[in-house]
Amino acid sequence: MEEKSTKRRKPSALPSILSLTAVMFFLGLLGTSIIGFKGLGKLLMESSSIDIYFSDSIPQEDVLKFKTQIDKLQWVKSSTFISREEGMKQMGDKYDPDFNSYIDVVTLPLSIEIYPKAEFASSKFLDQISREFKENSSVEDVIYQRNLIETLNSTLKNTQLILGGIAAIFIIMSVILIQSAVRLGIFANRHTIKSMQLVGATNTFIVKPFILTFIKYALIAFPIAAALVYLIIWQIPMIFSPLNILAEFNKNIDTQNLLYVSIFIAIFGVVLSATCSWLSTRKFLRTKIENLY
């Protein structure tokens, strides 16, 4: 009888481990993605400049003094002075190699490129800053890529929401699968459990083996999930060169934050397994004996 019970319990281990692996994998992917996208978003935000163009009558010395004042502002990460000659070179490199042949260097204005810190890179804040700069009589125009900033912010938020939704779906699925697996294990041992109740065994004594079993499943699932996350995030970019964006994404994943995510996921998996097995077993223990048949 014991051999049959043991054989019945074994199939329940695989779906439980797989469901726990799936939820830990997607939570790990979500955690690393949040860290990576945050770093990547910061890099992209700080690489988008505000360009200030000055009137032709303003001497270069005044523009350099203006740059010195800008560098002292709290929201500025860095700034670059663009002379007329440098502006000509950049226009030629960016748009047309023959640019210098039909544009006079004198016609290009002096300018300053300002790179804001990521936490200040919002369209609302940059609109306000642009208006303040335009109030200066020496400033002819202020330009920044407003659509790019808004698109970056929107894309990062939407991506995190999508990943969060996927993780939530897999959490629900894992809870259902774990509870089903627990019920199968209980059903295979239903007569033994009820016999233990009849001879006076406490609920804690009966429930404990099920909880320990599913905690063991969680501990098995965690390294599998971690390996899958490592394979997707770090190894695939090394194999497939077109996915260079993932390589850039990886550079922004902080080791300390990654350790925190791993600890959280491991604890979450153990708590989820223990809670589901405890709830399912407790519910069965309240079942009337005639319902066993």
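Below is a table of values for the structure above.
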item: Close pairs from segment 188-208: first without any contact (Cβ under 8 Å) to a residue 12 or more places away in the chain, partner surrounded by 14 or more Cβ atoms within 10 Å (Cβ to Cβ) and among the β-branched types (Val, Ile, Thr), Cβ under 8 Å, at least 6 apart; result: Met196/Ile206
item: Which numbered condition Ser79 fails, given (1) over 22 Å from Met173 (Cβ atoms); (2) modelled with pLDDT under 85; result: (2)
item: Which listed residue, of Leu126, Leu198, Leu177, is in contact with a helix residue (DSSP H, G or I) (Cβ under 9 Å, 6 or more places away or on another chain), outside the structural domain of Val63 (by TED's automatic domain parsing) and surrounded by 13 or more Cβ atoms within 10 Å (Cβ to Cβ); result: Leu177
item: Test: residue in segment 217-233 that is modelled with pLDDT under 80 and under 23 Å from the mean Cα position of the chain (by Cα); result: yes
item: Segments classed as helices (runs of 4 or more DSSP H), wholly inside segment 119-199, with at least 2 members that are under 30 Å from Leu29 (Cβ atoms) and modelled with pLDDT under 80; result: 146-188
item: Pick from segment 31-78, criterion among the small types (Gly, Ala, Ser) and out of contact with any helix residue (DSSP H, G or I) (no Cβ under 9 Å at 6 or more places or on another chain), ranking: surrounded by the most Cβ atoms within 10 Å (Cβ to Cβ); result: Ser49
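The values are calculated or read from the model by the stated rules, or taken from the named source; none is laboratory data. Note that the coordinates shown come from a computational prediction; the quantities given were computed from them, not determined experimentally. Here Cβ is always computed from backbone atoms with ideal geometry, including for glycine, and neighbour counts include all displayed protein chains.
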